[in-house]
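The values are calculated or read from the model by the stated rules, or taken from the named source; none is laboratory data. Given the structure is predicted, the values throughout are model-derived calculations rather than measurements. All Cβ positions, glycine included, derive from the backbone under ideal geometry; neighbour counts span all protein chains shown.
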Amino acid sequence: MEEELKCPVCGSLFREPIILPCSHNVCLPCARTIAVQTPESEQHLPALLHPRGTAAPAPGPPGGSAAPPDPECAAGGGGDHADKLSLHSETDSGYGSYTPSLKSPNGVRVLPLVPAAPGGAAGAAAPRGAGAGPGPAGSSLTCPQCHRSASLERRGLRGFQRNRLLEAIVQRYQQGRAAAAKCQLCDRSPAEPAAVLCEQCEVLYCAACQLRCHPARGPFAKHRLAPPPGHPGAPGGDGKGAGGGRKPATCAEHDLEHYSMYCVSCRSPVCYQCLEDGRHGKHDVKALGAMWKQHKAQLSQALNGVSDKAKEAKEFLVQLKNLLQQIQENGLDYEACLVAQCDALVDALTRQKAKLLTKVTKEREHKLKVVWDQINHCTLKLRQSTGLMEYCLEVIKENDPSGFLQISDALIKRVQVSQEQWVKGALEPKVSAEFDLTLDSEPLLEAIHHLDFIQMKCRVPPVPLLQLEKCCTRNNSVTLAWRMPPLSHNPVEGYILELDDGDGGQFREVYVGKETLCTIDGLHFNSTYNARVKAFNSSGVGPYSKTVILQTSDVAWFTFDPSSAHRDIVLSNDNQTATCSSYDDRVVLGTAAFSKGVHYWELHVDRYDNHPDPAFGIARINVVKDMMLGKDDKAWAMYVDNNRSWFMHCNSHTNRTEGGVSKGATVGVLLDLNKHNLTFYINGQQQGPPAFENIEGVFMPALSLNRNVQVTLHTGLEVPQCVKQPKLPSN
C-alpha cells in the first residue's frame, strides 16, 4: 500500500495532499513547485521565477509590506533538496528568453526555488492558506502522472480540495510504522529505537549511530534529518488517532460551513451556502450521507471483483510455483534420460568397436598365415630345386658316358617335373597387403552431428474445458467461455462452437475462430439450447467438450434502440423513454428481435398534447423511419388518437375501433408467434379483434410518434391471461 501513499513528485509520503481535477493527488508543497505561469502573465511572476542571484520585487499586500516566502514550500522542495535538482534552460517557448526550470527526483519538471530577496521577510506574515497563493491569470499546474494541465483560478491552489481521507490514512500508516521504527545500523539486539531519518539515505538512525555513521559534516552536511515516520515531530505524526483528532471537513469556499450535500454534476461535496449562491442550481445535488453510502457500496462491489481477480491471481501464482517445481523435476529427469541415452550410445559404440577390431585381427592373422604358408611352401620347393640343380651340374661334370646315360633319362624327367611345379601364379602372393575391410562411418557421424530432440509430434488438441462460471444468458443471448487444460502442449489454431436449434435438433456451427469467449444473439426466448466446443490444429479436430445447457429468458427485457432510431428521436431514462424533436412522425425500434414464442410489452403515454396519432406495433429491421409506422410493407401497427384507433399495414387502414388514448394511458402489444397474430390493448382492454394474422419472420417492437407525445416502455411483463382464451373472431 505504501506506493499508493507516496507523492509522485517528491516520492515521499503525502503531506497535505490535494486533489487535482484529474483525480490524482499531489502534496501541497510539491504543487507549489510544479505550478507554472504562461508568458502572457510574466508581469505577475513571483521572485522564485527569476534566476539565482537576482532579486525581483514581488508585489506585496496593500501597505507596502512584502509577503514572506512560504516556509512550508521551502521545507518541502527547497534547501538541500533543491541542491540536488539540475538547472537547465527552456528554449522551446519561442519568446527568446530563458526560463529556469528544475527536475525533481521523480523526473517532474518544477520551478527553481530561489530564496526571497533580502529584507523580504520583514513584511507582514501571510494569512493561513496564503502559501497556496492567489493564481494570477495564465498560471497553471500540470499533473505529474497523467500530464493534464489545470488552470489556477483566483484562489490559486486553495481552489483544489484537500484530500483529508488520504491524509488520515497516511497518518495511520505512519503511526503503524513508528511502532516498528528501529535503528537500521545498530549492532545491538534488539536495535535501539530510531531517533532520526535521513531523507536522502532513507536510513533510520538512533542517536549513537547517527553521530558515528552520519555526522553533520562533509557530504552529509546537505542531508536532511527528520524525525522517524509517526513520531510526534514528523509531518502528520502528532500522535492523534486517525479519526480522533480530525475536525469535520469545512467548505473550501465558505470556511464556516460544513459539507452537507454532494453535487453529482461537479463530483464534489458542497455546503448549504454553495447551494444558496446558485452555483449548483441546475445540477443534480443529493444528500452527502446517501451518496457516501452509495459510493461505499459501489466501491465495495468493485473491490469484490478485484478480490475475485486477486484470488484467481493467487491461485495462478500457486500454479506457476508448482509449474516451476515440475519444470525443475522434469529438467532433472530429462537430463538423466539424456545422459543415459548418450551413455548407451557410447557403450554400444564401444562394443561395436571391439567387434570391428576383432574382425581386423582375424583378417590380419589369416593374411599372415597364408603368407607364411606360401613362404614355407616356396622355400621348400626352392631348396629342392636348388639341390636338384646342383646335383645335375655335378652329373654333367662327370666324363663317364655309360654312367651318365644310366641316370640321364630319370634325371631329365625329374628336372622337367621340377620345372612344371613352378606354374604360372606359383610365384605370386596369394593375399595382398591391403585389407578388404572398409568402415563407412560418415552416416553415423552425420547422425551424431544431427542428434537432437525430436519435436513433439503434433497431435490434435485435447478437450476444451467450459468455464461455467463465465457462461451466462441474457434475454435471448447466450455467452459461452472456455479454455484449454493446463500444461497442454498441443498447439491450437482455433475453436469451433456448435449450438443446437433450441428444439433438440442437430448441432450447427455458430462460431469458428481463435477467441475463447463468444456471445450468440438472436435466439428464441424461453428456449433451451445445448452448446459444445472443440479445438482444431493442422493435425485435425479434437474431441468435443462436455455439453452445456443454456436457458434463455422467459420474457423479453429490452429498450429502445438509439443506433437504429431516426435522428429526430430523443431517448432518455436509459433508453426507455422516447420523444421526438420533429412535428412529423418518426420511427424507433426496440433492441429485441422475435421469431418464436409469445411476447408482451406495454407503452405508457407520459405526455399527449394537441391530439396526435402515435402508432404502436412491430416492424422489420429495414422499416422506413421517417413516416408513420405501418405506411410501408415492413410494419404492422395500430395508430390511435384521443377517440378511436385503426390498424395499418402497407398504408391500408382497417378495423376502426372506438376508444383512444390520453395522458397516462397504457398501450399493450401482444405478439403471439405461435399463432402468428398481433393483438393490441388499451388500459388493459383488448382494442378490437386480433389486428393481424398469418405473420411470420423476425419482428422488432416499433413505435412512431412526433413531438407532441412522450412514451415510456415497460418490458419483462407476464403475458396477459386473455391470451389463453380462444381467439376473438375478426370483423
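Mind counting the residues in region 151-176 that are acidic (Asp, Glu) and touching a helix residue (DSSP H, G or I) at 6+ places or on another chain (Cβ under 8 Å)? Number satisfying all stated conditions: 1.
The rows are residues; the columns are (1) among the charged types (D, E, K, R); (2) modelled with pLDDT of 85 or more; (3) part of a loop (DSSP other than H, G, I, E, B).
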position	(1), (2), (3)
GLY425	no, no, yes
LEU437	no, no, yes
LEU445	no, yes, no
PHE453	no, no, yes
PRO461	no, yes, yes
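Test GLU420 against the criterion of being modelled with pLDDT under 85 and outside any loop (DSSP other than H, G, I, E, B), and give yes or no. When the stated conditions are applied, GLU420 passes them. For region 565-579, the set of residues classified as outside any strand (DSSP E or B) and without any contact (Cβ under 8 Å) to a residue 40 or more places away in the chain consists of ARG567, ASP568, ASP574, ASN575, listed by residue number. Comparison of VAL339, VAL370, VAL346 shows that the only residue that is part of a helix (DSSP H, G or I) and either of a type in the set (Asp, Glu) or surrounded by 11 or more Cβ atoms within 10 Å (Cβ to Cβ) (or both) is VAL370. Tell me whether region 266-279 contains one or more residues that are modelled with pLDDT of 80 or more, within 39 Å of the chain's Cα centre (by Cα) and closer than 30 Å to GLN467 by Cα. No, region 266-279 has no match at all.
Scanning region 610-630 for residues that are buried (at least 21 other Cβ atoms within 10 Å of the Cβ) and under 21 Å from ALA593 (Cα atoms) yields ALA615, PHE616, GLY617, ILE618, ALA619, VAL623, MET628, LEU629, GLY630.
Of the residues making up region 503-557, those that are touching a residue at least 24 places away in the same chain (Cβ under 8 Å) and among the hydroxyl-bearing types (Ser, Thr, Tyr) are THR516, THR519, SER527, THR528, TYR529, SER538, SER539, TYR544, SER545, THR552, SER553.
Looking at this structure, is PHE404 part of a loop (DSSP other than H, G, I, E, B), assigned by TED's automatic domain parsing to the domain that holds CYS342 and over 30 Å from CYS342 (Cα atoms)? So PHE404 fails the test.
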